[in-house]
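The values are calculated or read from the model by the stated rules, or taken from the named source; none is laboratory data. This is a predicted model, so every value here is computed, not measured. Here the Cβ positions follow ideal geometry from the backbone for every residue, glycine too, while neighbour counts run over all protein chains shown.
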Amino acid sequence: MGDTEQEAYHKIHIAPASEPSGCPVDHKFTPFNADYLENPYPQLEGFNQEQPIFYSKKLGYLVLSSYEDIVSVFKNPAVFSSENVQDPVFPVCPEAMETLSVDDYNPVAVMSNRQQPDHTRIRKFTGEGFSNHRMKILEPYIHESCEELLDQMEEKGGPAEFVSAFGHPLPGQVIFRFIGFPEQDYEELTCWTANRLAFTWGNPDDQEQNDIAKNMLKYWRYCKAFVASRNLQPEDDLTSDLLAAHKADPEELSYREVESIIYGLSFAGHEIVSNFISLTLLNVLPDRELWGALCNDVGLIPNALEEVLRCDSPQTSWRRITTQDVIIGGIDIPAGTNIFLSLGAANHQANLFPEPAKFDIYRKNATKHLSFGRGIHFCLGARLARSEGQIAIEALTKRFPNLRLAEEQNFKFSPNITFRGPRNLYVEWS
């Protein structure tokens with residue numbers, strides 16, 4: 001693990017959290033219910049209107065669903081720490097704990113779960129990696145990858161399983177290219193990183209947890225070896241940029257932090273974008289007029305993507321933990337309370353987004369969603385995610401203007417508390 005348990009990227013020894021008193025308690029709510037996984041928004045809209053703050057006994061988290069409360073939490077990182085966002089929701093089994101307790105598994109918190117003042121120090125360097133220059137270099141590769149994947153999909157014919165054919169491989173290839181990983185390693189890297197979502201935000205059984213832990217260890221070791229190779233022979237990629245910053249001032253960016261940034265970025269830039277693209281089709285294709293409008297005017301795509309982020313976001317929640325006693329919504333919350341920020345509920349708050357359940361690509365304030373967060377931890381990859389979504393959907397409208405969902409399919413979503421996206425999505429064309 002990290003140099004200390006507190007500095008570790010994933011904390012696997014987690015102290016019991018505080019339970020607030022004096023607030024409503026819900027003994028039934030859990031994001032793992034079948035109805036919630038299929039469509040969480042009817043339940044979330046109800047919370048927002050009737051019970052914007054309550055303690056979930058099953059989850060062990062204080063649930064916040066008010067847009068205003070969530071924004072205030074995001075903007076006060078000193079009181080509402082993000083240190084728990086990469087920690088497993090439920091206890092880690094002994095076998096997985098043993099796997100991740102080896103001496104050389106030692107990534108440290110660097111971005112989403114690193115606190116001030118270190119967060120701003122590190123973000124300065126990673127932010128430079130997402131510069132206009134590097135985004136412009138990356139965009140032609142995104143276009144090229146889109147066309148190659150669509151060629152393969154078209155050649156095999158429909159109906160095609162979109163997630164495995166396009167939705168998942170595209171953002172994987174893009175983030176791996178951005179980092180600098182060799183193309184011949186992409187398949188193995190995808191395998192190692194595929195289920196990390198379940199480890200951190202799901203409730204896997206012991207066997208699955210241990211299998212994921214073994215892949216996390218393999219991937220960390222790969223990242224360390226890759227950073228070492230770039231340290232000796234730099235290329236034109238993010239890893240080399242970070243290493244150059246480290247060499248220029250090792251006190252400002254440590255070598256271990258460079259390794260850990262590379263380790264963390266692959267997931268942040270992969271699963272979420274995959275879900276984003278797939279959810280766009282899931283929301284647009286059922287309405288032929290909407291898909292036709294995007295095909296006829298690609299200028300509508302950016303706002304349509306923002307409406308996906310608002311109406312059916314690939315990220316429905318995030319987490320915080322209180323560092324001191326605080327009052328939220330008139331309720332006393334003790335230090336050490338885990339907080340479940342329901343971004344999905346906030347994005348469906350009726351007084352801000354009229355008819356919140358309606359998917360409206362013309363919605364004027366769609367960009368006001370909270371899916372990328374707020375404050376100092378605002379999603380660093382938001383621009384890249386939007387760019388990938390724009391390029392991908394535009395490529396699909398041009399290649400398959402009569403694209404449609406295959407009939408008689410049941411959509412299943414990964415069981416976890418935070419990230420939403422269909423496991424399978426069959427499409428066809430004529």
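Checked against (1) touching a strand residue (DSSP E or B) at 6+ places or on another chain (Cβ under 6 Å); (2) of a type in the set (K, R); (3) surrounded by fewer than 17 Cβ atoms within 10 Å (Cβ to Cβ), K364 meets all criteria but (1). Within region 44-65, the set of residues being more than 21 Å from the chain's Cα centre (by Cα) and either of a type in the set (S, T, Y) or farther than 13 Å from F29 by Cα (or both) comprises E45, N48, Q49, E50, P52, Y55, S56. Among the residues of region 23-42, the ones that are touching a Phe, Trp or Tyr at 6+ places or on another chain (Cβ under 6 Å) and farther than 23 Å from N424 by Cα come to 4 in all. Has region 394-414 got any residue that is under 14 Å from the mean Cα position of the chain (by Cα) and in contact (Cβ under 8 Å) with a residue 24 or more places away in the chain? Yes, there is a match, as at least one residue in region 394-414 is under 14 Å from the mean Cα position of the chain (by Cα) and in contact (Cβ under 8 Å) with a residue 24 or more places away in the chain. Taking the stated definitions as given, is F353 closer than 26 Å to K124 by Cβ and aromatic (F, W, Y)? For F353, the condition - closer than 26 Å to K124 by Cβ and aromatic (F, W, Y) - is not met.
A Cβ distance below 8 Å, combined with a sequence gap of six or more or placement on separate chains, defines the contacts here; from region 13-33, residues that are within 14 Å of L44 (Cβ to Cβ) and at pLDDT 85 or above reach residues that are small (G, A, S) and not in a loop (DSSP other than H, G, I, E, B) in the pairs D26/S56; F29/S56; T30/S56. Taking region 34-61 as the range and being part of a helix (DSSP H, G or I), touching a residue at least 60 places away in the same chain (Cβ under 8 Å) and not aliphatic (A, V, I, L, M) as the test, the residues that pass are E38, Y41, P42, E45, F47, N48, Q49. Every listed requirement among (1) of a type outside the set (D, E, K, R); (2) more than 29 Å from I212 (Cβ to Cβ); (3) part of a loop (DSSP other than H, G, I, E, B); (4) at pLDDT 90 or above is met by N106 save one, (2).
Put simply, of A395, A346 the only residue that is buried (at least 17 other Cβ atoms within 10 Å of the Cβ), at pLDDT 95 or above, in contact with a helix residue (DSSP H, G or I) (Cβ under 6 Å, 6 or more places away or on another chain) and over 28 Å from A160 (Cβ atoms) is A346. Scanning region 267-303 for residues that are closer than 30 Å to Y186 by Cβ, modelled with pLDDT of 95 or more and of a type in the set (A, V, I, L, M, F, W, C) yields F276, I277, L279, L281, L282, V284, L285, L294, V298, I301. The set of residues in region 69-102 being charged (D, E, K, R), assigned to a loop (DSSP other than H, G, I, E, B) and over 26 Å from K58 (Cβ atoms) consists of K75 alone. Just name the residue that is surrounded by the fewest Cβ atoms within 10 Å (Cβ to Cβ) out of those in region 415-430 that are under 19 Å from L341 (Cβ atoms) and polar (S, T, N, Q). Only one residue tops the list, namely N416. Pull up region 231-268, narrow it to residues that are outside any helix (DSSP H, G or I), touching a residue at least 12 places away in the same chain (Cβ under 8 Å) and surrounded by fewer than 23 Cβ atoms within 10 Å (Cβ to Cβ), then point me to the one that is nearest to the chain's Cα centre (by Cα). Out of the qualifying residues, it is D237. Being aromatic (F, W, Y) and farther than 23 Å from N106 by Cα is the requirement here; does F276 meet it? Judged against the criteria, F276 is a match. The residue that is surrounded by the fewest Cβ atoms within 10 Å (Cβ to Cβ), counting only those in region 213-230 that are closer than 24 Å to H133 by Cβ, out of contact with any Pro (no Cβ under 9 Å at 6 or more places or on another chain) and not basic (K, R), is S229.
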